[in-house]
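Reviewing the structure listed below.
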Amino acid sequence: NNSASTTVSNAQVFIQDGCNAVVEFNPASPGDVPAMQAKFAAAKIPVITFDVPEPGAYFVGIDNLKAGIAGGQMLGKIIKSKWGCNLDLIIASHAHGAGTVDTQRTGGMVTGVRDECPNIPQSKIVNEEGGGQVSVALPAGRDVLAAHPNAKRIAVVGINDSTVTGTIEAAEQLGRATDIIGWGQDGSLITGANVDPHLLGSVFYFLEGYAEATLPLLEKIAAGHAPPVKDNSHNNPEVLLRGCPVVCGS
């Protein structure tokens, strides 16, 4: 629940339960990780982390930078086709608390857009703190739009689908969504019957693939043959999965 005390408390429960290994995903509050990891290390419990690198934990996840660039390039192709690369604003909706993951995903999205439209000036790129959630990105988006009252052709990128959708919803609330388009990351809000029509696509990570990649590692740990930890601190992930940009409706 994005709570530091709950995170550390849960770690203590796992230790008391005698877990042989822990698989976890902790994107929103990386500041809790050192205390949690210290507890697991003292108890000699190996940790497998998804997507968010943690010192001393096996890293299984996406290549965040490549995923960001891939999504940005897809959106950039649309910007080129739709507007000839002539737009008023790119809103990059971050979750700065996620650290490197945010830098690579959200920053990679901007890089990807500019790969397709290299003449977009830096002055047209505005950053906001979306917190990884629609509820945070929505008021942040309203503030950005209020600060740029003349922006019409707007593209939105972000760390996940929620930050992008929240920003798009801000434009809808303000009656400024005629020419706003976005591309997400993680695929969480691009499927189903209620997809925002301005969210044109996302980068899927296929989370079932994470489990499939993790099971062989867990089997080695259970057999008493845990391999040396590859925590991605030196670009040495245990398992690196490939993202897939998906256009809405495809």
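The values are calculated or read from the model by the stated rules, or taken from the named source; none is laboratory data. Since this is a predicted model, take the numbers as computed values, not measurements. Positions of Cβ are backbone-derived with ideal geometry, glycine not excepted, and every protein chain shown enters the neighbour counts. To get the accessible areas, we keep the full protein, side chains included, count just its heavy atoms, and leave off ligands, DNA and RNA. Shrake-Rupley method; radii C 1.70, N 1.55, O 1.52, S 1.80 Å.
Say whether the condition of being in contact (Cβ under 8 Å) with a residue 40 or more places away in the chain, within 23 Å of residue 60 (Cα to Cα), out of contact with any helix residue (DSSP H, G or I) (no Cβ under 9 Å at 6 or more places or on another chain) and open to solvent by 50 Å² or more (accessible area, probe 1.4 Å) is met by at least one residue in the range 219-227.
Initial filter on the range 219-227 (in contact (Cβ under 8 Å) with a residue 40 or more places away in the chain): 221-222, 226.
So of that shortlist, the ones also within 23 Å of residue 60 (Cα to Cα) come out as 221-222, 226.
Filter once more, keeping what is out of contact with any helix residue (DSSP H, G or I) (no Cβ under 9 Å at 6 or more places or on another chain): 221-222.
Now narrow it down to the ones that are open to solvent by 50 Å² or more (accessible area, probe 1.4 Å): 222.
So far as the range 219-227 goes, yes, one or more of its residues are in contact (Cβ under 8 Å) with a residue 40 or more places away in the chain, within 23 Å of residue 60 (Cα to Cα), out of contact with any helix residue (DSSP H, G or I) (no Cβ under 9 Å at 6 or more places or on another chain) and open to solvent by 50 Å² or more (accessible area, probe 1.4 Å).
Scanning for something assigned to a helix (DSSP H, G or I), touching a Ser or Thr at 6+ places or on another chain (Cβ under 6 Å) and open to solvent by 10 Å² or more (accessible area, probe 1.4 Å), does the range 39-53 turn up at least one residue? Steps first, please.
Step one: list which residues in the range 39-53 are assigned to a helix (DSSP H, G or I), which gives 39-42.
Subsequent filtering for residues that are touching a Ser or Thr at 6+ places or on another chain (Cβ under 6 Å) retains none.
The answer is no; no qualifying residue exists.
Any residue that is closer than 29 Å to residue 86 by Cα and surrounded by 12 or more Cβ atoms within 10 Å (Cβ to Cβ) - is there at least one of those in the range 203-215? Walk me through how you get there before you give the answer.
So the first thing to find is which residues in the range 203-215 are closer than 29 Å to residue 86 by Cα, and the list is 203-204.
Narrowing the set further to residues that are surrounded by 12 or more Cβ atoms within 10 Å (Cβ to Cβ) leaves 203-204.
Checked against the condition, which is being closer than 29 Å to residue 86 by Cα and surrounded by 12 or more Cβ atoms within 10 Å (Cβ to Cβ), the range 203-215 yields at least one hit.
Which condition number in (1) closer than 24 Å to residue 75 by Cα; (2) in contact (Cβ under 8 Å) with a residue 40 or more places away in the chain is the one that residue 139 fails?
(2)
Look at the range 89-107 and say how many of its residues are modelled with pLDDT of 95 or more and open to solvent by 60 Å² or more (accessible area, probe 1.4 Å).
Looking only at the range 89-107, we keep the residues that are modelled with pLDDT of 95 or more, and these are 89-94, 106-107.
From the residues that got through so far, the ones that are open to solvent by 60 Å² or more (accessible area, probe 1.4 Å) too are none.
Residues that pass the stated criteria total 0.
Given the residues 177, 146, 151, 155, which is the only one that is touching a residue at least 60 places away in the same chain (Cβ under 8 Å) and either in a loop (DSSP other than H, G, I, E, B) or surrounded by fewer than 16 Cβ atoms within 10 Å (Cβ to Cβ) (or both)?
Working: 177 fails: touching a residue at least 60 places away in the same chain (Cβ under 8 Å); 146 fails: touching a residue at least 60 places away in the same chain (Cβ under 8 Å); 155 fails: either in a loop (DSSP other than H, G, I, E, B) or surrounded by fewer than 16 Cβ atoms within 10 Å (Cβ to Cβ) (or both).
One residue alone meets the criteria, 151.
Which condition number does residue 134 fail, the rest of (1) within 11 Å of residue 167 (Cβ to Cβ); (2) touching a strand residue (DSSP E or B) at 6+ places or on another chain (Cβ under 7 Å) being met?
Every condition holds for residue 134 apart from (2).
Checking the condition farther than 26 Å from residue 79 by Cα, within 18 Å of the chain's Cα centre (by Cα) and not basic (Lys, Arg), which residue from 189, 240, 217, 199 passes? Can you show your working first?
Details: 189 fails: farther than 26 Å from residue 79 by Cα; 217 fails: within 18 Å of the chain's Cα centre (by Cα); 199 fails: farther than 26 Å from residue 79 by Cα.
On inspection, the qualifying residue turns out to be 240.
Just need a number here: residues in the range 108-136 that are assigned to a loop (DSSP other than H, G, I, E, B), touching a Leu at 6+ places or on another chain (Cβ under 8 Å) and surrounded by fewer than 18 Cβ atoms within 10 Å (Cβ to Cβ).
Qualifying residue count, the range 108-136: 0.
So, residue 93, is that one in a helix (DSSP H, G or I) and not basic (Lys, Arg) or not? Write out each step before concluding.
On the way: in a helix (DSSP H, G or I): no; not basic (Lys, Arg): yes.
No: the conditions fail for residue 93.
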